[in-house]
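Readers should treat all values here as calculations from the given coordinates under stated rules, not as data from a laboratory. Since the model is a prediction, treat every value here as computed from it, not as a measurement. Cβ: placed from backbone, ideal geometry, glycine included. Neighbour counts: every protein chain shown.
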Amino acid sequence: MSNPRQLSLPVYLPDDETFNSFYPGDNNEMLAFLSKISQDENSSFIYLWGAPKSGKTHLLHACCAAAQKREQSSFYIPFELHPSMSCAVLEDLHNVSMLCLDNIDQVAGNPMWEEALFDLYNRVKESGGKLIVSSNYSPAQSGFNLPDLVSRLSWGISYHVKSMSDEDKLVAMQRRAEARGLVLADEVGRYLFNRLDRDLRTLFDTLDQLDKASLQAQRKLTIPFIKEILKF
């Protein structure tokens, strides 16, 4: 992020969540479109929705990373933090080139936040910026009560982020491992699937843990080594 307001939010953007590191599965069209609009100067409104842990957060991080690469301003807000935030955090964000709001359904039904989001949509439109939001639900099922905000959520393009199959997740893990100089054999990846929650965040966090352990021990990723590190 490149906005002073980031200092008041406990938000960290991982440097390895980019478009290149996102394995699309059945989301090729969406990934290509997000990558394209991240490179142009046009105003854009994008609504991403799908099941929790389907990759929406990764995509928002990737949009911010693309803006930073072009030396444009960006800002990311995860709305699960809204209990510790004031609506005032949205006041000046219409001037940001790439604004990403994650899990906005977290404030559905909250009149103050709904009004603040409605005002922000209008200001971003006037300023010609990009606003990309994510939710677990489609615009029609978002749970927001303010009719004008529901209308705004339908501006632009809406994409359903489709969850990955286990085979897609295995390929995504292997790509992430390869980027770290590791080899994750099919049987090792499936061994992890059978013992961990199968959402990508858990799998990636575990892979990061194994990467560090592998470097320290100078050992390859094998099932015996994983058993030793993860205490399976």
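Quick check: net charge around Leu170, other residues with Cβ under 12 Å of its Cβ, Lys/Arg +1 and Asp/Glu -1? Please list the in-between numbers first.
Values: positive: Lys169, Arg175, Arg176, Arg190, Arg198; negative: Asp166, Glu167, Asp168, Asp186, Glu187.
Surrounding charge for Leu170 is 0.
Lys/Arg Cβ at +1, Asp/Glu Cβ at -1, dipole of the chain taken about the Cα centre: which of Gln141, Gly128, His61 is farthest positive-ward?
His61
Per DSSP H run of at least 4 residues, take -39500 (n - 2.57); add these up for the chain, divide by its residues and hand me the 222 nm value, nearest 500 deg cm²/dmol.
Values: 8 runs with 96 residues, N = 232.
Helices in the chain give a 222 nm mean residue ellipticity of -13000 deg cm²/dmol.
Let me check I've understood the local charge: for Gly143, count other residues with C-beta under 14 angstrom from its C-beta, Lys and Arg +1, Asp and Glu -1. What total comes out? If you can, show how the numbers build up before the last one.
Values: positive: none; negative: Asp105, Glu114.
With Lys, Arg at +1 and Asp, Glu at -1, the neighbours total -2.
Where does each of 36-43, 104-111 land if you order them by average Cβ count within 10 Å, highest first?
Values: 36-43: 13.2, 104-111: 17.4.
Highest to lowest by the protection proxy: 104-111, 36-43.
Relative to the longest principal Cα axis of the chain, at what angle does helix 28-37 sit, 0 to 90 degrees, rounded to 10?
Here the helix axis deviates by roughly 50 degrees.
What is the set of long-range amide H partners of Thr18 at a cut-off below 5 Å, with H atoms built 1.01 Å from backbone N?
none
Say the dipole of the chain comes from +1 at the beta carbon of Lys and Arg and -1 at that of Asp and Glu; which of Cys100, Pro24, Ser73 then lies farthest toward its positive end?
Final value for the positive-end residue is Pro24.
Mind listing the phi-derived Karplus ³J(HN,Hα) values for the range 81-88, rounded to whole Hz, using 6.51, -1.76 and 1.60 with θ = phi - 60°, and x for any glycine or proline?
Once rounded to whole Hz, the list reads 8, 4, x, 9, 10, 9, 4, 4.
For the range 200-214, just list the computed ³J(HN,Hα) in residue order, Karplus coefficients 6.51, -1.76 and 1.60, θ = phi - 60°, integers in Hz, with x standing in for Gly and Pro.
Those phi angles translate into 4, 4, 5, 5, 5, 4, 5, 5, 4, 4, 5, 4, 4, 5, 5 Hz.
If you average the sequence gap of Cα pairs under 8 Å that are 6 or more apart and divide by the length of the chain, what percent do you get for the contact order?
22 percent
Which angle between 0 and 90 degrees, to the nearest 10, do you get for helix 56-69 versus the longest principal axis of the chain when only C-alpha atoms count?
With both axes taken from Cα atoms, the answer is about 80 degrees.
Dipole of the chain, Cα-centred, from +1 at each Lys and Arg C-beta and -1 at each Asp and Glu C-beta, to the nearest 20 debye? Don't skip to the end; give the middle numbers.
Values: 24 positive and 30 negative charges, 136 e Å.
Dipole magnitude for the chain comes out near 660 debye.
Restricting things to Cα coordinates, could you compute the convex hull volume per residue of the chain in Å³? All intermediate terms of the calculation are to be shown ahead of the outcome.
On the way: hull volume 30.8 nm³, N = 232.
Dividing the Cα hull volume of the chain by its residues yields 133 Å³.
Please report the antiparallel percentage of the DSSP beta bridges confined to the range 1-139, to the nearest 5. Mind showing how you got there, number by number?
Values: 0 of 15 bridges.
The answer is about 0 percent antiparallel.
Lys and Arg at +1, Asp and Glu at -1: add these up for the other residues within a Cβ distance under 14 Å of Pro52 and post the number.
Working: positive: Lys53, Lys56, Lys162, Arg198, Arg201; negative: Glu80, Asp102, Asp105, Asp197, Asp199.
Here the count lands on 0.
Using the per-residue mean of other Cβ atoms lying within 10 Å as a proxy for protection, in what order, highest first, do the peptides 214-224, 16-26 fall?
16-26, 214-224
May I ask you to order 158-165, 136-143 by the average number of other C-beta atoms within 10 Å around their residues, highest value first? Numbers along the way, then the final one.
Details: 158-165: 17.2, 136-143: 14.9.
Packing order, densest peptide first, comes out as 158-165, 136-143.
For the range 166-230, with the dipole built from +1 on Lys and Arg beta-carbon atoms and -1 on Asp and Glu ones, taken about the Cα centre, which of Ala213, Leu192, Met173 lies farthest toward the positive end?
Positive-most Cα among the choices belongs to Ala213.
Please give the charge dipole size of the range 166-230, origin at the Cα centre, charges +1 on K and R Cβ atoms and -1 on D and E Cβ atoms. Round to the nearest 20 debye.
On the way: 12 positive and 12 negative charges, 45 e Å.
Value, rounded to 20: 220 debye.
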